[in-house]
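Encoded as structure tokens, the structure appears first; notes follow it.
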Amino acid sequence: MTHALTDQLKDKMASSIEALKRELVKIRTGRASLSLLDGIKVNAYGAQMPIDQAGTLTIPENNMIAIKPWDPQLLPAIEKAILASGLGLTPQSDGNVVRLTIPPLTGERRKELVKQVKKIGEEYKVAIRNVRRDTNESLKKLKKDKAISEDEMFRLQEEAQKMTDGYINQVDEIAGGKEKEVMSV
């Protein structure tokens, strides 16, 4: 019974770490990355499809992304999807390929992005702490129902705290790495 709780705790905290990584990948750093386009949907043939299924995505230069659609008729839909995405990038098309030039970041913009990274990191730390709190409440309920002893409850709460500390350290490391990436010119 209690192993199920600790396994559930690990799974939820690990999924928070993965979600944090996915979230931070979307923050642009001045270098081209195909992951910037993750989540952008193109209206093609009457359906929404991920942009990477509408064409070939490449990085011809370290500050440019090129999108060559499978069907040239999709060019306007791709441009429209990028403009609507809120990335702050303006697509340029030559009739065959859509190019996205990633502008260099200003010092002020870098500082804003670092604040955003810290805020996201803090949100995920709170999420991890909430998982710990829920687990502790479940343990207290088990003790109240006499399914586990008080000593067992305290031991498991201590174990949950150690896990929480480890995952919070991971959040700090990941966010710190992203901050360095954003600040590097």
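The values are calculated or read from the model by the stated rules, or taken from the named source; none is laboratory data. All figures in this text were calculated on a predicted structure; none of them were measured in a lab. Every residue, glycine among them, receives a Cβ derived from its backbone with ideal geometry; neighbour counts consider all protein chains shown. Please note that ligands, DNA and RNA were not included when accessible areas were found on the heavy atoms of the full protein model with its side chains. Shrake-Rupley method; radii C 1.70, N 1.55, O 1.52, S 1.80 Å.
The table below gives the values:
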| quantity | calculated |
| --- | --- |
| Sequence-distant residues sharing a close amide H with Met64 (under 5 Å, placed H) | Ala32, Ile102 |
| Inter-label distance for Thr56 and Lys26, nm, one decimal - labels placed 7 Å from Cα along Cα-to-Cβ | 2.9 nm |
| Cα gyration tensor, the stretch 25-133 - rounded (a/c under 1.5), prolate or oblate | oblate |
| P(r), alpha carbons of the chain - 10 Å bins starting at zero, rounded % | 9, 28, 22, 19, 13, 7, 2, 0 |
| Å² of accessible area per residue within the chain, as computed with a 1.4 Å probe and no ligands counted | 59 Å² |
| For Val42, distant residues with modelled amide H under 5 Å away | Met49, Ile51 |
| Pairs beyond 27 Å (Cα-Cα), from Lys80/Lys118; Lys26/Lys125; Lys119/Lys144; Lys80/Lys178 | Lys80/Lys118; Lys119/Lys144; Lys80/Lys178 |
| Rounded, prolate or oblate (a/c below 1.5 giving rounded, otherwise prolate when a/b exceeds b/c) for the stretch 121-168 by Cα gyration tensor | oblate |
| Nonlocal amide H pairs with Gly55, under 5 Å, H built at 1.01 Å | Trp70 |
